[in-house]
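The values are calculated or read from the model by the stated rules, or taken from the named source; none is laboratory data. The shown structure was predicted, so the numbers you read here are calculated from the model rather than taken from an experiment. All Cβ positions, glycine included, derive from the backbone under ideal geometry; neighbour counts span all protein chains shown. Only protein heavy atoms, including side chains, enter the accessible area calculation; ligands, DNA and RNA are left aside. Shrake-Rupley method; radii C 1.70, N 1.55, O 1.52, S 1.80 Å.
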Amino acid sequence: GARLVTFDGRPITRDALAGGGMIVAFPEGHTDAADSQIALLHLPDITAQPGRESWSPEGFFAYSRVCTHAGCAVSQYEDETQALLCPCHQSTFDLRDGCRPMAGPAARPLPQLALAINAGGFLVAQHDFTQPIGPGFWNLYA
């Protein structure tokens, strides 16, 4: 139920991405946590993955910005190909296919955050990520 906020703590509403693009978002109260960074996009023409139809209300999608290859920040959005890119090692993630890697060394998709829109029009998380974020080796000794 945490609202999504910008790096300076401003809550994000459904009107924030009316013109497209990407916003770096955080769960409210966690703007200082590097592993909480979220790529928030408004992609009304993208079909949600089976079983995740309720995770992207009104075409809003949220994915972890922590690359599944080496933990770098996935910081670029390419509108023409609808892909997220990690500039460090060139992993490219296909937003049309659940953020699965389409190029580069990343071996698994970016975890998706289930979203909802509350009565005030704010984007909120339905729950935490259901998959581990970052590279698999981060969880070897957990």
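Taking R0 as 25 Å, what's the FRET efficiency between residue 81 and residue 119 from their Cβ-Cβ distance, rounded to 0.05?
0.10
What are the ³J(HN,Hα) values, in whole Hz, obtained from phi via the Karplus relation 6.51 cos²θ - 1.76 cosθ + 1.60 with θ = phi - 60°, for each residue of the range 81-93 in sequence order, with x given for Gly and Pro?
Per residue, the Karplus-derived 3J(HN,Hα) values read 9, 6, 9, 9, 10, 9, x, 5, 10, 6, 6, 10, 10 Hz.
If you take the square roots of the eigenvalues of the alpha-carbon gyration tensor of the range 68-117 and sort them as a ≥ b ≥ c, do you get rounded (a/c under 1.5), prolate (a/b over b/c) or oblate?
Prolate, since a/c reaches 1.5 and a/b exceeds b/c.
May I ask you to give the percent of accessible area on the range 32-127 that is carbon plus sulfur, with a probe radius of 1.4 Å?
48
Using DSSP loop states and a limit of at most 14 other Cβ atoms within 10 Å to flag chymotrypsin sites (Phe, Trp or Tyr not before Pro), what is the longest stretch of the chain containing no flagged site?
The reported range is 8-140.
Please report, in cubic angstrom per residue, the volume enclosed by the convex hull of the alpha-carbon atoms of the range 37-85.
Value for the range 37-85: 88 Å³ per residue.
With springs only between Cα atoms under 10 Å, which of 50, 87, 27 fluctuates most in a Gaussian network model of the chain?
50
Farthest toward the dipole's positive end in the chain, which of 112, 27, 130, given Cβ charges of +1 (Lys, Arg) and -1 (Asp, Glu) about the Cα centre?
Among 112, 27, 130, the one farthest towards the positive end of the dipole of the chain is 130.
Go through the range 50-112 and name the GluC sites (Glu not before Pro) that are in a DSSP coil and have 10 or fewer other Cβ atoms within 10 Å of their Cβ.
80
Here are some values of percent of Cα pairs over 25 Å apart: [x] 38; [y] 20; [z] 31. Which one was computed from this structure?
[y]
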